[in-house]
Amino acid sequence: MRQSHQLPLMGLLWFSLIPSQLCQICEVSEKDYPCLKTLISAMDSLERIRGINGASIMLSHRLVGIQNQSFEEGLSQRIRDDMKRRVSNLTSGQLALIILAFGACKNPDKAFIHDHCLVEKLGKKFEDEIKNMEIHQGIPLTNYYQLSLDVLTLCLFNGSYSITSIIKYFNPENKNYYFGGNFSVDTGAVAVLALTCVNRSRINEKIKAETEDFNTIQKYIESLVNKIQSQKNDGLFGNAYSTGEAMQALFVASDYYKNKLNCQQTLDTVFYHISQGAFQLPIAAAQILPALMGKTYLDVNENATCARSPVNITVEPVPVVPAISPANISVNYSVKINETSNSINITVKNGSVFLNVMEAAQEKNSTVYGFTMVESSWGPYITCVRGICASNSDRTYWELLSNNKSLDQGAGSYVVKNGEHLEVLWSKY
Ligand code: CBY
(Lines give C-alpha, C1' and ligand atoms only; values in the text may rest on other atoms or scores of the structure.)
Protein backbone atom coordinates (compact mmCIF):
# COMPACT_ATOMS: atom_id res chain seq x y z
CA MET A 1 0.00 0.00 0.00
CA ARG A 2 1.32 3.42 -0.88
CA GLN A 3 1.88 5.67 2.08
CA SER A 4 -0.64 8.29 0.99
CA HIS A 5 -3.46 5.71 1.32
CA GLN A 6 -2.72 5.27 4.99
CA LEU A 7 -2.84 8.95 5.84
CA PRO A 8 -6.58 9.58 5.99
CA LEU A 9 -6.90 6.69 8.44
CA MET A 10 -4.27 8.01 10.81
CA GLY A 11 -5.41 11.57 10.26
CA LEU A 12 -8.95 10.71 11.30
CA LEU A 13 -7.66 8.93 14.36
CA TRP A 14 -5.37 11.76 15.22
CA PHE A 15 -7.83 14.62 15.01
CA SER A 16 -10.53 12.73 16.85
CA LEU A 17 -8.32 11.94 19.82
CA ILE A 18 -6.19 14.98 20.30
CA PRO A 19 -7.57 17.59 22.70
CA SER A 20 -8.09 21.01 21.21
CA GLN A 21 -5.60 22.79 23.45
CA LEU A 22 -2.79 20.58 22.17
CA CYS A 23 -3.77 21.27 18.54
CA GLN A 24 -3.14 24.94 19.11
CA ILE A 25 0.44 24.40 20.11
CA CYS A 26 1.38 21.21 18.27
CA GLU A 27 1.01 20.49 14.61
CA VAL A 28 1.60 16.87 13.74
CA SER A 29 2.57 16.79 10.13
CA GLU A 30 1.72 14.02 7.66
CA LYS A 31 5.27 12.79 7.55
CA ASP A 32 4.93 11.70 11.20
CA TYR A 33 1.92 9.38 10.79
CA PRO A 34 3.99 6.29 9.97
CA CYS A 35 5.91 6.90 13.21
CA LEU A 36 2.72 6.65 15.24
CA LYS A 37 1.96 3.36 13.52
CA THR A 38 5.44 2.16 14.38
CA LEU A 39 4.74 2.83 18.07
CA ILE A 40 1.40 1.03 17.96
CA SER A 41 3.03 -1.99 16.27
CA ALA A 42 5.81 -2.06 18.86
CA MET A 43 3.21 -2.55 21.59
CA ASP A 44 1.19 -5.12 19.71
CA SER A 45 3.21 -8.30 19.97
CA LEU A 46 2.01 -10.33 22.95
CA GLU A 47 5.07 -12.60 22.75
CA ARG A 48 7.36 -9.74 23.73
CA ILE A 49 5.31 -8.66 26.75
CA ARG A 50 5.85 -10.55 29.98
CA GLY A 51 3.17 -10.86 32.68
CA ILE A 52 2.50 -7.78 34.74
CA ASN A 53 4.78 -5.68 32.50
CA GLY A 54 1.77 -5.70 30.20
CA ALA A 55 0.06 -3.21 32.53
CA SER A 56 1.89 -0.22 31.01
CA ILE A 57 0.93 -1.41 27.52
CA MET A 58 -2.70 -1.88 28.47
CA LEU A 59 -2.81 1.55 30.13
CA SER A 60 -1.42 3.20 27.02
CA HIS A 61 -3.84 1.29 24.76
CA ARG A 62 -6.86 2.33 26.79
CA LEU A 63 -5.76 5.95 27.24
CA VAL A 64 -5.38 6.57 23.53
CA GLY A 65 -8.43 4.49 22.57
CA ILE A 66 -6.90 1.67 20.58
CA GLN A 67 -9.64 -0.95 20.42
CA ASN A 68 -8.22 -4.41 20.03
CA GLN A 69 -10.37 -6.68 22.14
CA SER A 70 -8.56 -9.96 21.66
CA PHE A 71 -5.20 -8.37 22.34
CA GLU A 72 -6.47 -6.72 25.53
CA GLU A 73 -8.06 -9.99 26.70
CA GLY A 74 -4.76 -11.80 26.20
CA LEU A 75 -2.90 -9.08 28.06
CA SER A 76 -5.42 -9.02 30.89
CA GLN A 77 -5.17 -12.80 31.33
CA ARG A 78 -1.37 -12.64 31.48
CA ILE A 79 -1.43 -9.89 34.09
CA ARG A 80 -3.92 -11.80 36.27
CA ASP A 81 -1.96 -15.08 35.99
CA ASP A 82 1.27 -13.34 36.88
CA MET A 83 -0.39 -11.60 39.83
CA LYS A 84 -1.60 -14.94 41.20
CA ARG A 85 1.93 -16.31 41.00
CA ARG A 86 3.49 -13.34 42.76
CA VAL A 87 0.71 -12.41 45.23
CA SER A 88 2.40 -10.07 47.72
CA ASN A 89 5.65 -9.98 45.80
CA LEU A 90 4.55 -7.16 43.53
CA THR A 91 6.32 -3.86 44.09
CA SER A 92 4.11 -0.87 44.93
CA GLY A 93 4.62 0.71 41.49
CA GLN A 94 3.76 -2.53 39.69
CA LEU A 95 0.50 -2.77 41.61
CA ALA A 96 -0.23 0.91 40.90
CA LEU A 97 0.24 0.36 37.15
CA ILE A 98 -2.07 -2.66 37.22
CA ILE A 99 -4.79 -0.60 38.91
CA LEU A 100 -4.32 2.24 36.41
CA ALA A 101 -4.53 -0.20 33.49
CA PHE A 102 -7.51 -2.19 34.80
CA GLY A 103 -9.30 0.95 35.93
CA ALA A 104 -8.75 3.10 32.86
CA CYS A 105 -12.28 3.82 31.62
CA LYS A 106 -15.17 1.33 31.61
CA ASN A 107 -13.93 -2.17 30.77
CA PRO A 108 -14.42 -5.79 31.89
CA ASP A 109 -11.34 -5.69 34.17
CA LYS A 110 -12.72 -3.01 36.46
CA ALA A 111 -14.46 -5.42 38.83
CA PHE A 112 -11.15 -7.19 39.44
CA ILE A 113 -9.80 -4.11 41.25
CA HIS A 114 -12.71 -4.09 43.65
CA ASP A 115 -13.00 -7.88 44.08
CA HIS A 116 -9.34 -8.16 45.02
CA CYS A 117 -9.20 -4.97 47.13
CA LEU A 118 -6.30 -3.73 45.03
CA VAL A 119 -6.60 -0.07 46.05
CA GLU A 120 -6.51 -0.99 49.76
CA LYS A 121 -3.51 -3.25 49.11
CA LEU A 122 -1.76 -0.39 47.34
CA GLY A 123 -2.46 1.91 50.29
CA LYS A 124 -0.73 -0.65 52.52
CA LYS A 125 2.25 -0.94 50.17
CA PHE A 126 2.58 2.84 50.09
CA GLU A 127 2.60 2.88 53.91
CA ASP A 128 5.36 0.26 53.84
CA GLU A 129 7.40 2.50 51.53
CA ILE A 130 7.00 5.42 53.98
CA LYS A 131 7.87 3.19 56.97
CA ASN A 132 11.02 2.04 55.21
CA MET A 133 12.03 5.66 54.62
CA GLU A 134 11.45 6.44 58.29
CA ILE A 135 13.67 3.58 59.42
CA HIS A 136 16.32 3.65 56.69
CA GLN A 137 17.50 7.24 56.26
CA GLY A 138 14.84 8.22 53.75
CA ILE A 139 15.40 5.28 51.38
CA PRO A 140 12.16 3.74 50.07
CA LEU A 141 11.67 0.03 49.33
CA THR A 142 11.61 0.84 45.61
CA ASN A 143 12.18 4.36 44.26
CA TYR A 144 10.43 7.71 43.87
CA TYR A 145 9.18 6.88 40.39
CA GLN A 146 7.13 4.09 41.95
CA LEU A 147 6.10 6.15 44.99
CA SER A 148 4.79 8.78 42.60
CA LEU A 149 2.82 6.14 40.69
CA ASP A 150 1.42 5.00 44.07
CA VAL A 151 0.20 8.48 45.06
CA LEU A 152 -1.19 9.11 41.57
CA THR A 153 -3.17 5.87 41.68
CA LEU A 154 -4.38 6.24 45.27
CA CYS A 155 -5.49 9.76 44.39
CA LEU A 156 -7.30 8.76 41.17
CA PHE A 157 -8.99 5.74 42.78
CA ASN A 158 -10.05 7.35 46.02
CA GLY A 159 -7.60 5.42 48.18
CA SER A 160 -6.14 6.61 51.48
CA TYR A 161 -2.83 8.38 51.80
CA SER A 162 -1.44 10.88 54.25
CA ILE A 163 -0.95 14.47 53.09
CA THR A 164 1.59 14.92 55.89
CA SER A 165 3.77 12.17 54.40
CA ILE A 166 3.44 13.72 50.96
CA ILE A 167 4.50 17.14 52.26
CA LYS A 168 7.38 15.55 54.14
CA TYR A 169 8.73 13.28 51.41
CA PHE A 170 7.88 14.88 48.05
CA ASN A 171 9.93 18.02 48.65
CA PRO A 172 11.72 18.65 45.29
CA GLU A 173 15.08 18.81 47.07
CA ASN A 174 14.74 15.21 48.30
CA LYS A 175 17.71 13.09 47.16
CA ASN A 176 15.41 10.40 45.79
CA TYR A 177 14.60 12.60 42.79
CA TYR A 178 18.25 12.36 41.80
CA PHE A 179 20.41 9.55 40.43
CA GLY A 180 24.13 10.16 40.73
CA GLY A 181 23.53 13.90 41.14
CA ASN A 182 21.27 14.16 38.05
CA PHE A 183 17.62 15.05 38.35
CA SER A 184 15.53 12.11 37.11
CA VAL A 185 13.05 13.65 34.68
CA ASP A 186 10.91 10.49 34.55
CA THR A 187 10.59 10.55 38.33
CA GLY A 188 9.91 14.28 38.57
CA ALA A 189 7.29 14.08 35.83
CA VAL A 190 5.26 11.31 37.48
CA ALA A 191 5.55 13.21 40.78
CA VAL A 192 4.06 16.31 39.09
CA LEU A 193 1.15 14.19 37.82
CA ALA A 194 0.62 12.72 41.31
CA LEU A 195 0.84 16.07 43.15
CA THR A 196 -1.44 17.73 40.59
CA CYS A 197 -4.03 15.02 41.19
CA VAL A 198 -3.74 15.54 44.96
CA ASN A 199 -4.24 19.29 44.61
CA ARG A 200 -7.21 18.82 42.31
CA SER A 201 -8.95 16.54 44.81
CA ARG A 202 -9.17 19.10 47.63
CA ILE A 203 -12.87 18.40 47.91
CA ASN A 204 -12.28 14.76 48.82
CA GLU A 205 -13.35 14.51 52.44
CA LYS A 206 -11.20 11.41 52.97
CA ILE A 207 -8.10 13.57 52.59
CA LYS A 208 -7.62 15.85 55.57
CA ALA A 209 -5.53 18.87 54.70
CA GLU A 210 -5.24 22.60 55.27
CA THR A 211 -5.08 25.25 52.56
CA GLU A 212 -1.47 25.76 53.57
CA ASP A 213 -0.69 22.15 52.63
CA PHE A 214 -2.13 22.63 49.16
CA ASN A 215 -0.06 25.80 48.73
CA THR A 216 3.05 23.86 49.68
CA ILE A 217 2.18 21.14 47.17
CA GLN A 218 1.63 23.80 44.50
CA LYS A 219 5.14 25.13 45.22
CA TYR A 220 6.55 21.60 44.89
CA ILE A 221 4.84 21.22 41.52
CA GLU A 222 6.28 24.51 40.24
CA SER A 223 9.76 23.65 41.41
CA LEU A 224 9.62 20.16 39.85
CA VAL A 225 8.35 21.61 36.56
CA ASN A 226 11.26 24.07 36.53
CA LYS A 227 13.69 21.22 37.11
CA ILE A 228 12.12 19.26 34.23
CA GLN A 229 12.40 22.28 31.95
CA SER A 230 16.02 22.86 32.91
CA GLN A 231 16.77 19.37 31.52
CA LYS A 232 15.56 20.39 28.05
CA ASN A 233 17.99 19.65 25.29
CA ASP A 234 17.17 19.77 21.58
CA GLY A 235 13.46 19.50 22.37
CA LEU A 236 13.83 16.48 24.63
CA PHE A 237 13.29 16.64 28.38
CA GLY A 238 15.99 14.46 29.93
CA ASN A 239 16.29 11.95 27.12
CA ALA A 240 13.97 10.45 24.52
CA TYR A 241 12.55 7.95 27.03
CA SER A 242 11.59 10.48 29.70
CA THR A 243 10.13 13.03 27.27
CA GLY A 244 6.64 11.48 27.04
CA GLU A 245 6.08 11.64 30.77
CA ALA A 246 7.67 15.11 30.96
CA MET A 247 5.21 16.32 28.30
CA GLN A 248 2.33 14.91 30.36
CA ALA A 249 3.61 16.79 33.42
CA LEU A 250 3.85 20.05 31.47
CA PHE A 251 0.37 19.55 29.97
CA VAL A 252 -1.25 19.29 33.41
CA ALA A 253 0.91 21.69 35.42
CA SER A 254 -0.60 24.93 34.10
CA ASP A 255 -1.50 26.84 30.97
CA TYR A 256 1.61 28.91 31.50
CA TYR A 257 3.91 25.92 30.94
CA LYS A 258 1.76 24.46 28.18
CA ASN A 259 2.31 27.57 26.10
CA LYS A 260 6.03 27.65 26.78
CA LEU A 261 6.42 24.02 25.83
CA ASN A 262 7.50 24.64 22.22
CA CYS A 263 5.80 21.43 21.37
CA GLN A 264 6.81 21.40 17.74
CA GLN A 265 10.52 21.13 18.46
CA THR A 266 9.83 18.34 20.97
CA LEU A 267 7.62 16.45 18.52
CA ASP A 268 10.18 16.77 15.72
CA THR A 269 12.95 15.34 17.89
CA VAL A 270 10.78 12.55 19.29
CA PHE A 271 9.61 11.52 15.82
CA TYR A 272 13.20 11.56 14.64
CA HIS A 273 14.15 9.13 17.42
CA ILE A 274 11.14 6.92 16.61
CA SER A 275 12.23 6.79 12.97
CA GLN A 276 15.71 5.75 14.13
CA GLY A 277 14.23 2.70 15.87
CA ALA A 278 14.70 3.99 19.43
CA PHE A 279 11.19 2.94 20.52
CA GLN A 280 11.10 -0.74 19.63
CA LEU A 281 10.59 -1.93 23.20
CA PRO A 282 6.85 -2.20 23.94
CA ILE A 283 7.32 -0.29 27.22
CA ALA A 284 9.18 2.55 25.49
CA ALA A 285 6.37 2.90 22.94
CA ALA A 286 3.74 2.69 25.69
CA GLN A 287 5.32 5.48 27.72
CA ILE A 288 5.58 7.99 24.87
CA LEU A 289 2.31 7.37 22.99
CA PRO A 290 -0.22 9.00 25.39
CA ALA A 291 1.60 12.35 25.35
CA LEU A 292 1.86 12.27 21.55
CA MET A 293 -1.90 11.82 21.45
CA GLY A 294 -2.48 14.60 23.96
CA LYS A 295 -3.38 12.27 26.83
CA THR A 296 -2.06 12.14 30.39
CA TYR A 297 -2.34 9.62 33.20
CA LEU A 298 -4.73 12.05 34.88
CA ASP A 299 -7.22 11.14 32.12
CA VAL A 300 -7.55 7.70 33.70
CA ASN A 301 -11.04 8.20 34.93
CA GLU A 302 -13.01 5.63 36.85
CA ASN A 303 -16.32 6.36 35.18
CA ALA A 304 -15.53 7.43 31.66
CA THR A 305 -16.14 5.09 28.76
CA CYS A 306 -13.05 4.18 26.81
CA ALA A 307 -12.54 6.57 23.92
CA ARG A 308 -13.46 4.70 20.79
CA SER A 309 -11.25 5.28 17.85
CA PRO A 310 -13.48 5.88 14.84
CA VAL A 311 -11.55 3.42 12.74
CA ASN A 312 -10.12 0.00 13.33
CA ILE A 313 -6.41 0.46 13.43
CA THR A 314 -5.06 -2.46 11.55
CA VAL A 315 -1.35 -2.28 11.76
CA GLU A 316 0.65 -4.24 9.27
CA PRO A 317 3.35 -6.32 10.98
CA VAL A 318 6.71 -4.63 10.84
CA PRO A 319 8.84 -6.65 8.43
CA VAL A 320 11.75 -8.37 10.09
CA VAL A 321 14.81 -6.89 8.47
CA PRO A 322 17.34 -9.62 7.76
CA ALA A 323 20.82 -8.91 9.11
CA ILE A 324 22.52 -7.19 6.20
CA SER A 325 26.07 -7.66 7.25
CA PRO A 326 27.19 -10.82 8.98
CA ALA A 327 30.59 -9.18 9.55
CA ASN A 328 32.16 -9.12 12.98
CA ILE A 329 33.08 -6.01 14.93
CA SER A 330 35.56 -5.49 17.77
CA VAL A 331 34.98 -3.60 20.97
CA ASN A 332 36.86 -3.07 24.19
CA TYR A 333 35.00 -4.02 27.37
CA SER A 334 35.93 -3.28 30.96
CA VAL A 335 34.65 -3.85 34.46
CA LYS A 336 35.56 -1.00 36.78
CA ILE A 337 35.30 -1.03 40.57
CA ASN A 338 36.67 2.12 42.23
CA GLU A 339 40.13 2.57 40.71
CA THR A 340 40.52 -1.06 39.61
CA SER A 341 39.70 -1.78 36.00
CA ASN A 342 39.96 -4.99 33.95
CA SER A 343 39.68 -4.76 30.19
CA ILE A 344 39.30 -7.26 27.37
CA ASN A 345 38.93 -7.03 23.60
CA ILE A 346 35.84 -8.78 22.33
CA THR A 347 34.71 -9.68 18.82
CA VAL A 348 30.96 -9.94 18.26
CA LYS A 349 28.61 -10.04 15.27
CA ASN A 350 27.63 -6.72 13.78
CA GLY A 351 24.30 -5.68 15.31
CA SER A 352 25.09 -7.19 18.72
CA VAL A 353 23.89 -5.50 21.90
CA PHE A 354 25.82 -4.66 25.10
CA LEU A 355 24.61 -7.89 26.72
CA ASN A 356 26.18 -10.00 23.93
CA VAL A 357 29.54 -8.38 24.68
CA MET A 358 29.16 -9.13 28.39
CA GLU A 359 28.29 -12.76 27.59
CA ALA A 360 31.29 -13.13 25.30
CA ALA A 361 33.59 -11.69 28.00
CA GLN A 362 32.08 -14.00 30.62
CA GLU A 363 32.73 -16.97 28.40
CA LYS A 364 36.39 -16.00 28.09
CA ASN A 365 36.95 -15.35 31.80
CA SER A 366 34.06 -16.00 34.17
CA THR A 367 36.03 -15.04 37.30
CA VAL A 368 36.60 -11.47 36.13
CA TYR A 369 33.61 -10.93 33.83
CA GLY A 370 30.95 -13.22 35.34
CA PHE A 371 27.59 -11.48 35.87
CA THR A 372 23.94 -12.05 36.69
CA MET A 373 20.82 -10.23 35.56
CA VAL A 374 17.07 -10.10 36.07
CA GLU A 375 14.35 -9.36 33.53
CA SER A 376 12.69 -5.97 33.94
CA SER A 377 10.03 -4.29 31.84
CA TRP A 378 12.88 -2.53 30.01
CA GLY A 379 14.75 -5.79 29.31
CA PRO A 380 17.69 -7.30 31.21
CA TYR A 381 18.89 -5.38 34.28
CA ILE A 382 22.44 -6.26 35.37
CA THR A 383 22.35 -7.08 39.07
CA CYS A 384 25.81 -8.49 39.95
CA VAL A 385 29.21 -8.46 38.27
CA ARG A 386 32.05 -10.52 39.69
CA GLY A 387 29.79 -11.39 42.65
CA ILE A 388 29.32 -7.72 43.61
CA CYS A 389 25.62 -6.94 43.63
CA ALA A 390 23.51 -3.80 43.25
CA SER A 391 21.69 -2.83 46.43
CA ASN A 392 18.67 -0.61 46.84
CA SER A 393 19.45 0.13 50.48
CA ASP A 394 23.02 1.21 49.67
CA ARG A 395 21.89 2.99 46.46
CA THR A 396 24.51 1.12 44.43
CA TYR A 397 24.21 -0.27 40.87
CA TRP A 398 26.22 -1.27 37.82
CA GLU A 399 26.21 1.68 35.44
CA LEU A 400 26.58 1.06 31.69
CA LEU A 401 28.87 3.40 29.74
CA SER A 402 30.11 3.82 26.21
CA ASN A 403 33.24 5.88 25.63
CA ASN A 404 32.87 7.12 29.24
CA LYS A 405 29.33 8.38 28.62
CA SER A 406 26.42 6.93 30.61
CA LEU A 407 24.01 5.06 28.30
CA ASP A 408 20.34 5.87 27.99
CA GLN A 409 19.47 2.29 27.03
CA GLY A 410 19.80 -1.01 28.88
CA ALA A 411 22.11 -3.95 28.14
CA GLY A 412 19.55 -5.76 25.99
CA SER A 413 18.83 -2.76 23.74
CA TYR A 414 22.02 -0.81 23.20
CA VAL A 415 23.56 -1.84 19.86
CA VAL A 416 27.34 -1.68 20.05
CA LYS A 417 29.60 -0.14 17.40
CA ASN A 418 32.98 -1.15 16.06
CA GLY A 419 35.91 0.28 18.05
CA GLU A 420 33.73 1.39 20.96
CA HIS A 421 34.90 1.29 24.57
CA LEU A 422 32.20 -0.26 26.73
CA GLU A 423 32.27 -0.30 30.50
CA VAL A 424 30.29 -1.46 33.50
CA LEU A 425 31.10 0.83 36.40
CA TRP A 426 30.33 0.17 40.08
CA SER A 427 28.34 3.33 40.93
CA LYS A 428 26.27 5.06 43.60
CA TYR A 429 23.05 6.93 42.80
N1 CBY B 1 9.87 1.62 37.04
C2 CBY B 1 10.94 1.80 37.82
O3 CBY B 1 10.89 1.54 39.00
C4 CBY B 1 12.08 2.36 37.12
C5 CBY B 1 12.12 3.88 37.33
C6 CBY B 1 13.23 4.59 36.58
C7 CBY B 1 13.27 6.07 36.97
C8 CBY B 1 13.04 4.38 35.03
C9 CBY B 1 14.50 4.51 34.49
C10 CBY B 1 12.10 5.41 34.40
C11 CBY B 1 10.92 4.80 33.66
N12 CBY B 1 10.33 5.56 32.81
O13 CBY B 1 10.56 3.67 33.85
C14 CBY B 1 14.65 4.01 36.76
N15 CBY B 1 15.23 3.91 35.56
C16 CBY B 1 15.30 3.71 37.96
C17 CBY B 1 14.62 3.95 39.29
C18 CBY B 1 16.62 3.19 38.00
C19 CBY B 1 17.31 2.74 39.31
C20 CBY B 1 16.78 1.31 39.65
C21 CBY B 1 17.00 0.91 41.09
C22 CBY B 1 15.88 1.38 42.00
N23 CBY B 1 16.18 2.10 43.03
O24 CBY B 1 14.72 1.11 41.74
C25 CBY B 1 18.81 2.78 38.87
C26 CBY B 1 19.70 1.74 39.50
C27 CBY B 1 19.37 4.16 39.18
C28 CBY B 1 18.67 2.62 37.35
N29 CBY B 1 17.43 2.99 36.93
C30 CBY B 1 19.70 2.15 36.56
C31 CBY B 1 19.67 2.16 35.17
C32 CBY B 1 20.81 1.60 34.38
C33 CBY B 1 20.69 0.05 34.37
C34 CBY B 1 22.04 -0.62 34.22
C35 CBY B 1 21.99 -2.07 34.60
N36 CBY B 1 22.65 -2.39 35.69
O37 CBY B 1 21.42 -2.88 33.92
C38 CBY B 1 20.61 2.29 32.99
C39 CBY B 1 20.88 1.37 31.81
C40 CBY B 1 21.52 3.56 32.96
C41 CBY B 1 23.02 3.28 32.81
N42 CBY B 1 23.65 3.99 31.92
O43 CBY B 1 23.57 2.48 33.49
C44 CBY B 1 19.13 2.76 33.09
N45 CBY B 1 18.70 2.66 34.40
C46 CBY B 1 18.37 3.28 32.05
C47 CBY B 1 18.96 3.54 30.69
C48 CBY B 1 16.97 3.59 32.22
C49 CBY B 1 16.09 4.06 31.07
C50 CBY B 1 15.74 2.92 30.11
C51 CBY B 1 15.64 3.40 28.68
C52 CBY B 1 15.75 2.26 27.69
N53 CBY B 1 15.40 2.54 26.46
O54 CBY B 1 16.11 1.17 27.97
C55 CBY B 1 14.88 4.70 31.86
C56 CBY B 1 13.56 4.70 31.11
C57 CBY B 1 14.86 3.81 33.17
C58 CBY B 1 14.09 2.51 32.99
N59 CBY B 1 16.30 3.52 33.34
CO60 CBY B 1 16.96 3.21 35.06
C61 CBY B 1 15.28 6.15 32.22
C62 CBY B 1 15.56 7.04 31.03
O63 CBY B 1 16.61 6.96 30.45
N64 CBY B 1 14.62 7.89 30.66
C65 CBY B 1 8.47 1.14 37.55
C66 CBY B 1 8.23 -0.35 37.45
C67 CBY B 1 6.85 -0.71 37.96
O68 CBY B 1 8.36 -0.77 36.12
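The values are calculated or read from the model by the stated rules, or taken from the named source; none is laboratory data. Treat the numbers as computed from the prediction; the structure is a model and nothing was measured. So basically every Cβ, Gly included, is an ideal-geometry build from the backbone, and we count neighbours across all protein chains shown.
Tell me the residue from V416, V374 that is surrounded by fewer than 14 Cβ atoms within 10 Å (Cβ to Cβ) and touching a Phe, Trp or Tyr at 6+ places or on another chain (Cβ under 7 Å), please.
Testing whether each residue is surrounded by fewer than 14 Cβ atoms within 10 Å (Cβ to Cβ) and touching a Phe, Trp or Tyr at 6+ places or on another chain (Cβ under 7 Å) leaves just V374.
Quick check: anything in region 47-54 away from the ligand (no atom under 16 Å from the Cβ) and either over 17 Å from Y297 (Cβ atoms) or buried (at least 18 other Cβ atoms within 10 Å of the Cβ) (or both)?
Checked against the condition, which is being away from the ligand (no atom under 16 Å from the Cβ) and either over 17 Å from Y297 (Cβ atoms) or buried (at least 18 other Cβ atoms within 10 Å of the Cβ) (or both), region 47-54 yields at least one hit.
How many residues are part of a helix (DSSP H, G or I) and loosely packed, with under 15 Cβ neighbours inside 10 Å if we restrict to region 29-45?
Residues in region 29-45 being part of a helix (DSSP H, G or I) and loosely packed, with under 15 Cβ neighbours inside 10 Å: 2 in total.
If C155 passes every condition in (1) more than 18 Å from the chain's Cα centre (by Cα); (2) surrounded by fewer than 22 Cβ atoms within 10 Å (Cβ to Cβ) but one, which one does it miss?
(2)
For region 155-168, which residues satisfy the criterion of being in a helix (DSSP H, G or I) and farther than 21 Å from G138 by Cα?
C155, L156
From the residues in region 55-72 that are in contact (Cβ under 8 Å) with a residue 12 or more places away in the chain and farther than 21 Å from V270 by Cβ, which one is nearest to the ligand (Cβ to nearest atom)?
A55
Kindly state which helices (runs of 4 or more DSSP H) lie completely within region 81-153 and contain at least 1 residues that are hydroxyl-bearing (S, T, Y).
92-103
Any idea how many residues of region 399-419 are of a type outside the set (V, I, T) and either in contact with a Leu (Cβ under 7 Å, 6 or more places away or on another chain) or near the ligand (Cβ under 8 Å from one of its atoms) (or both)?
13
For V320, which of the numbered conditions (1) more than 16 Å from the ligand (Cβ to nearest atom); (2) β-branched (V, I, T); (3) surrounded by 12 or more Cβ atoms within 10 Å (Cβ to Cβ); (4) modelled with pLDDT under 95 fails to hold?
Result: V320 fails condition (3) only.
What pairs come up if the first residue lies in region 357-371 and is hydroxyl-bearing (S, T, Y), the second is part of a helix (DSSP H, G or I), and their beta carbons are under 8 Å apart, counting only those six or more places apart or on different chains?
Y369/M358; Y369/A361; Y369/Q362
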